[in-house]
Amino acid sequence: MTPSTEIASQLEDCLAVVFPDVPRKQLRNASVSSVAQWDSLATLTLVSVIEETFQTQIPADDLEEFLSFELILDYLSRPALRAAA
Amino acid sequence: MESSSRAFLSQTRVCPREPTVTLVEALRTVNSRAKETARHGFSLACGFTPLHFKTFFAAQLVERTSAGRIDVEVGLFGDLPGTLRRLIENPPDGVAVPMEWSDLDSRLGFRSTHGWRIDRGADILSSVQMRLSELSLVLTELSQRTTVALSLPTLPLPPMFKPPRGMSDPTVLELRRQLAEFAAGLAQTSQVRVVDTQQLDLASPISTRYDAASDLRTGFPYRQEHACLLSEALANLLRPAAPMKGIITDLDNTLWSGIIGEDGVDEISWDLDHKTQAHGLYQEMLASLSELGVFIGVASKNDPLVAQQGLQRTDLVVSRDSLFPVKANWGAKSESVQRILKTWNIGAESVLFLDDSPIELAEVAAGVPGIQCRQFPTGDAEAILRLIGEMRDLFGKTTVTVEDQLRVSSLKSSGAVATSAAIDPEEFLRQAEAEITLEWNMPDERCFELINKTNQFNLNGQRFDEATWRRRLSDPQSFLLAARYSDKYAPLGKVSVLAGRWRNGIPQIDIWVLSCRAFSRRIEHQVLQSCFERFDCEQIHFDFLPTDRNAPLRELLTDLCGTEPNGPVTLTRSQFNSHCPSLYAKVLSHDSLNRNRVAA
């Protein structure tokens, strides 16, 4: 697995545990607009799960980027964050 | 959280800062039950944003329930009294109340300003006093309808008072006094269960609890580890584990320090002078647990006469009468343990075996499947004190019944019964001067305990949580019969509980248990006879279900019905009359509406 594939897979696991009602195959297309349960509290839970999984700290100011699987994957794939993790 | 979580949960009680359950694990635990149709509804009444606390709390409850989805509802931010009042109208299965200072006065939290003026102290004290009075009333009322677990403020107060930190301010001391008075009042006069602050402090140091960034940003004030530990403490009070029933202890280097066979009876010790006080404290714990009705037995590799010399020392902390039976011999310890279990007539899984020797522990673990074994850490006072604390966790009870205090004496009297019965059972029953007191619709703690701990004479193995039990008792179609027994040998206390509902004009029994200490007295026949008389019916239906351990009840129904039941069964009055043996006990009947009515 390449690093980016591995990040995507781990991120999918994170979404799966926070949104257990969303079918697995739809998780990579999940976003605030497509998942009814994805509210602000769910975002905070998701961020904590991601912090736990990737062993990193996400600054509060960055939470506004956590709007979809794709955006989060992009965020997590940034070299600076990967180096910190 | 899964299989290893229980081990972790017990470790946290004695080893603070161990790795905690992660949020991912907690979410997985909760999700594992999400599709189940049966549900348990709980409420988290708090004034802060519960966020991960709700997840950890739900996961802890999943761990404590055998099946069913756990739904946790939360109240309104900043309105603890309002949340509790609303719950009184529609009480859930249990309510956890993690109270914080800001619930008593918002100026005592970090999310408000303009409260730290010097002249505000008296006003804060006054408003806290009023809030505590309000909470006391509403919590008392709520606790009459459902199980309530309360934790007192766990977070530090802001540095809002005059002195430098490190010096107590009179206002803070007065706040703590008010809080202590509030908690003591609730614990003494209501059914609210209050989290032990000292135990929580040991597991979750106060300096590591508050998450300022999270509190100021989202209103969730706890660091994850504290959220996990506090939710565990509250869940423990809402769904406590059933206490274990018996302890089997070694003697040498366990009950006392030294080897009596080599050192001599005068050289064994358990006191400060010999630097062996930890053994005295272990005896103290055994004595205390014995008062709660815990069986304490002895399994020792020793000459029986020599062991008796040690046990006859008058300065033993634990009463010699509390130790029963004592098995001192040179055989395998597992055989002694098996004999003790047979005397107690309880399963190995309810028993803790303590010995200083790893070899003996291994031999007993292999020879007595299911028993819990712990090494007694002779020579390590701190480890002994940790073990003693763990014993309190495993055996502690919230209430002590009359039956708890009778247990050991009635067990000893069973020996006399068995001996007499072996000669002529019928004659024994005739001369036993037995008296059975039937209590109709008079539920108490003992009924609940008996139903949830009896395995052998148990109609179907059904267990109840407190919420389900309360709902059942409030059903006007339900009935409950408890039986107390005494004879000239000893009182046994309340030994049988039978319960059911009326359906289509027929009493349907779905709960029936009889303590194993009360077997062979024909109490079960007397109970059935009283049911036929009281219900004035021709048949009674039993929701029997065979379990791995309820052969005694199956055999009774087989005797009475003529065929072995594999499921629900109906017993007719004529079947009962044809097969019921002679009954000799004097029966008194009481009920909640018509007291002291003599039925037979």
*For B:Phe295, what is the net charge nearby, where nearby means another residue's Cβ is under 10 Å from its Cβ and Lys, Arg count +1, Asp, Glu -1?*
+2
*Can you give the angle from 0 to 90° between the axis of helix B:381-395 and the longest principal axis of chain B, with both taken from C-alpha atoms, to the nearest 10?*
70 degrees
*Which whole number gives the average count of other chain Cβ atoms within 10 Å of the Cβ atoms across peptide B:22-28?*
5
*Residue-count net charge about B:Val569 - beta-carbon cut-off 11 Å; Lys, Arg +1, Asp, Glu -1*: -1
*Cα pair count fraction exceeding 14 Å, expressed as % - the stretch A:3-84*: 58 percent
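Return one quarter of the surface area of the convex hull spanned by the alpha-carbon atoms of the stretch B:422-591, equal to its mean projected area, in nm². Present the calculation step by step, with values, prior to reporting the outcome.
Details: hull surface 38.9 nm².
Dividing the Cα hull surface by four gives the mean projection, 9.7 nm².
Take the cross-link list B:Lys333/B:Lys412; B:Lys412/B:Lys453; B:Lys245/B:Lys412 and give me the ones stretching past 18 Å between alpha-carbons. Numbers along the way, then the final one.
Details: B:Lys333/B:Lys412 22 Å; B:Lys412/B:Lys453 21 Å; B:Lys245/B:Lys412 16 Å.
From the list (B:Lys333/B:Lys412; B:Lys412/B:Lys453; B:Lys245/B:Lys412), the Cα-Cα distance tops 18 Å for B:Lys333/B:Lys412; B:Lys412/B:Lys453.
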_In order through the stretch B:169-185: 3J(HN,Hα) via Karplus (6.51 cos²θ - 1.76 cosθ + 1.60), integer Hz, x for Gly, Pro_ = 8, x, 5, 5, 4, 5, 4, 5, 5, 4, 5, 5, 5, 4, 5, 4, x
*Along the positive direction of the dipole of the protein assembly as shown (beta-carbon charges: Lys, Arg +1; Asp, Glu -1; about the Cα centre), which of B:Gln375, B:Phe428, B:Ala187 reaches farthest?*
B:Phe428
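With a ≥ b ≥ c the root eigenvalues of the C-alpha gyration tensor of chain B, is it rounded (a/c under 1.5), prolate (a/b larger than b/c) or oblate?
Details: a/c = 2.12, a/b = 1.31, b/c = 1.62.
Oblate shape, in that a/c is at least 1.5 and b/c is the bigger or equal ratio.
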*the stretch B:329-409: Rg to Rh, with Rh as the Kirkwood radius over Cα pairs*: 1.01
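With 51 Å as the cut-off, how large is the P(r) tail for the protein assembly as shown, expressed as percent of Cα-Cα pairs? Don't jump to the answer; show the numbers that get you there.
On the way: 55303 of 234270 pairs.
So the pairs more than 51 Å apart make up 24 percent of the total in the protein assembly as shown.
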*May I ask you to evaluate 6.51 cos²θ - 1.76 cosθ + 1.60, the Karplus curve with θ = phi - 60°, for each residue of the stretch B:528-535 and list the ³J(HN,Hα) values in order in whole Hz, giving x for glycine and proline?*
5, 4, 5, 5, 4, 5, 5, 7
*On alpha-carbon atoms, Rg over Rh for the stretch B:56-132 using Kirkwood Rh?*
1.11
*Quick one: helix B:277-291 against the long Cα principal axis of chain B, what's the angle to the nearest 10°, folded into 0 to 90?*
60 degrees
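Based on the inverse mean of 1/r over its pairs of different Cα atoms, what is the Kirkwood hydrodynamic radius of the stretch B:5-238, in Å?
That comes to 18.3 Å for the stretch B:5-238.
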_Taking the 0 to 90 degree range and rounding to the nearest ten, how far is the long axis of helix B:358-367 tilted relative to the main principal axis of chain B, both from C-alpha atoms?_
60 degrees
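Once you list every other residue whose beta carbon is under 14 Å from the beta carbon of B:Thr37, what net charge do they have if Lys and Arg are +1 and Asp and Glu are -1? Working shown, then result.
Details: positive: B:Arg33, B:Lys35, B:Arg39, B:Arg69; negative: B:Glu36, B:Asp71.
Net charge around B:Thr37: +2.
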*asked:* Would you report the distance distribution of C-alpha pairs in the stretch B:246-395 as whole percents per 5 angstrom bin, up to the bin with the largest distance?
replied: 2, 10, 21, 25, 23, 14, 4, 1
*Per the Debye formula with a single identical scatterer at each Cα and no solvent contribution, what log10 I(q)/I(0) holds for the stretch A:1-45 at q = 0.13, 0.27, 0.28 Å⁻¹?*
-0.28, -1.00, -1.05
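May I ask for the longest run of chain B untouched by GluC sites (Glu not before Pro) that are loop-located per DSSP and have at most 14 neighbouring C-beta atoms (other than their own) within 10 Å? If you can, show how the numbers build up before the last one.
Working: sites that count: B:Glu2, B:Glu36, B:Glu267, B:Glu433, B:Glu538.
Value returned for the longest uninterrupted segment is B:37-266.
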*Shielding of B:69-78 by partners, i.e. mean partner chain Cβ atoms within 10 Å per residue?*
0
*What residues qualify as long-range amide H neighbours of B:Asn253, i.e. H under 5 Å apart, gap of 5 or more or another chain, H built at 1.01 Å from N?*
B:Gly258
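None of the figures in this text is laboratory data; all of them are computed from the coordinates on show. All of these numbers come straight from a predicted model, not from anything done at the bench. Note that we place each Cβ from the backbone using ideal geometry, even for glycine, and neighbour counts take in every protein chain shown.
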